[in-house]
Amino acid sequence: MSTRLNPDIDLSAELLRKSLHLGALLIPWGMLYFNKVPALLILAVAAITALSLDLARARFTAVATLIHGLFGRLMRPKEIPHSKTSPAINGSTWVLIASFLLLLVFPARIAAFSLVIFLIGDAASGIIGRKYGRTSWRISNRTVEGTAAFLAVSLIVASLMPGTERWIGVIAAIFASAVEILPGPFNDNLQVPIATAGVIVFLEYAVSGGISQFFS
């Protein structure tokens, strides 16, 4: 997400958190390298495992102690459960869930493109927004500076990545930057890449007049 004016973790933790986000670029690479069914199985296992750990740390002290000891400094307050009946899902789990849904619904080339745009743009927005963010959007507490970083980096990535018409990639990057500003209704790790993939499909459908090319 774009950094907020009232940060909930410090800059060093934000840098490490975004480094882990960039490490998730292995996921879109795997989408393109592996056949779709094996890739879906791997993502399903990873997402279920991560979600199970999130649920378990709300109920079992030992699990919570282990996970929070390793990653607690990187977690935002909303990612830390406050009771056994109110589990919290962390950002990495949402990325895995989004990755599975992207590959399940969309062709691998679109799923990978959308995820790369989001992961790199989100890292830029988090770091630049946290360090230089001064002006928030009226509709959310994301910063204009963070969004500008998201847009600039995602436009560069969109112009370099193969598999999608350049003008469609540019529009998708602009759209992703706009969706990233919105406060919800879903976690931005989920809603931004899926919305981006959706707009790519819409644009390609509008140009081609048919849907067959999306599954080629």
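The values are calculated or read from the model by the stated rules, or taken from the named source; none is laboratory data. Remember, it's a predicted structure, so these values are computed and weren't measured experimentally. In this analysis, Cβ positions are derived from the backbone assuming ideal geometry, glycine residues included, and neighbour counts consider all displayed protein chains.
The conditions of being under 15 Å from residue 182 (Cα atoms) and not β-branched (Val, Ile, Thr) are met by residue 146. Listed here are the helices (runs of 4 or more DSSP H) enclosed by the range 19-129 that have at least 2 residues being in contact with a helix residue (DSSP H, G or I) (Cβ under 9 Å, 6 or more places away or on another chain) and among the charged types (D, E, K, R): 36-59. For the range 160-197, filtering for residues that are within 16 Å of residue 112 (Cβ to Cβ), surrounded by fewer than 17 Cβ atoms within 10 Å (Cβ to Cβ) and among the small types (Gly, Ala, Ser) leaves 1. Taking residues in the range 32-50 that are crowded, with 17+ Cβ neighbours inside 10 Å and modelled with pLDDT under 95, and partners anywhere that are of a type outside the set (S, T, N, Q) and not in a helix (DSSP H, G or I), the pairs with Cβ atoms closer than 9 Å and at least 6 places apart or on different chains are 50/89.
None of 134, 142 is at pLDDT below 90, closer than 30 Å to residue 12 by Cβ, crowded, with 20+ Cβ neighbours inside 10 Å and in contact with a helix residue (DSSP H, G or I) (Cβ under 9 Å, 6 or more places away or on another chain) except 142.
Sort out which residues of the range 130-147 are assigned to a helix (DSSP H, G or I) and under 17 Å from the mean Cα position of the chain (by Cα), and write them in order of number. Steps first, answer last, please.
Quick first cut of the range 130-147, residues assigned to a helix (DSSP H, G or I) only: 130-132, 144-147.
Those that are assigned to a helix (DSSP H, G or I) and under 17 Å from the mean Cα position of the chain (by Cα): 146, 147.
Provide a single number: the residues in the range 186-203 that are assigned to a helix (DSSP H, G or I) and aromatic (Phe, Trp, Tyr).
Just the residues of the range 186-203 that are assigned to a helix (DSSP H, G or I), to begin with: 188-203.
Those still in the list that are aromatic (Phe, Trp, Tyr) too: 202.
Count: 1.
Across the range 104-118, the number of residues qualifying as crowded, with 24+ Cβ neighbours inside 10 Å and either of a type in the set (S, T, N, Q) or closer than 14 Å to residue 21 by Cα (or both) comes to 4.
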